[in-house]
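FYI, it's all coordinate maths here, none of it is from the lab. Source: prediction; values computed, not measured. Cβ placement follows ideal geometry from the backbone for every residue including glycine, while neighbour counts extend to all protein chains displayed.
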């Protein structure tokens, strides 16, 4: 059956990849983006300008897989820089401002596939930045788990190893380790007593 081209509508949606540090969020984001590129879809990737741990303009996983991205200082810049694309990806979403959920909604309503990767909780175990609002509006959510560095069980928490009360502290294995609920809570109790 022939369908008139103007009757075909692009169906936009939001998908979230979340979990603790070292759970493979960026690795999964890169994997999904490679697949959509194989399908000849146009992809644009954004990351927060403050995230310069591995590279200024690339999204880089802990396994050193990388993909070019556009660093931006605010979520509104994403709307300004989005041209004729099929897929918009956003890495380290927890570092963006509270306007990011609206930006994701606008893009999805325009018919774009929006893939967002980020931490769901901060180092205290509290919801992190705009992630809860994005997850509430998402059609698909993938929660990844790391392995607890204390006991070997599945880890959902990012435990901070260094004493610093700033909510945002860019770091790696020297600053954080993944922990399960029990080991995370034990560590938080030890921190309170020291």
State log₁₀ I(q)/I(0) for segment 69-178 at q = 0.15, 0.18, 0.19 Å⁻¹ as given by the Debye formula over alpha-carbon point scatterers of equal weight, solvent excluded. -0.71, -0.94, -1.01
Bins of 5 Å, beginning at zero and ending with the bin holding the largest distance: percent of Cα pairs per bin for segment 70-124, please. 4, 18, 33, 25, 12, 4, 2, 1
Relative contact order of segment 9-144, defined on C-alpha pairs under 8 angstrom at six or more residues apart (%): 39 percent
Just want to confirm a number: the relative contact order over segment 116-156, from Cα pairs under 8 angstrom separated by 6+ residues, in percent. 21 percent
By average C-beta atoms within 10 angstrom, highest first, the peptides 178-188, 110-120: 110-120, 178-188
Please give the length that would be gained between residue 191 and residue 35 if that part of the chain were fully extended, namely 0.36 nm times their separation in residues minus their C-alpha to C-alpha distance (nm, one decimal). 51.9 nm
Normalised per residue, the volume inside the convex hull of the alpha-carbon atoms of segment 9-144 in Å³ amounts to 99 Å³
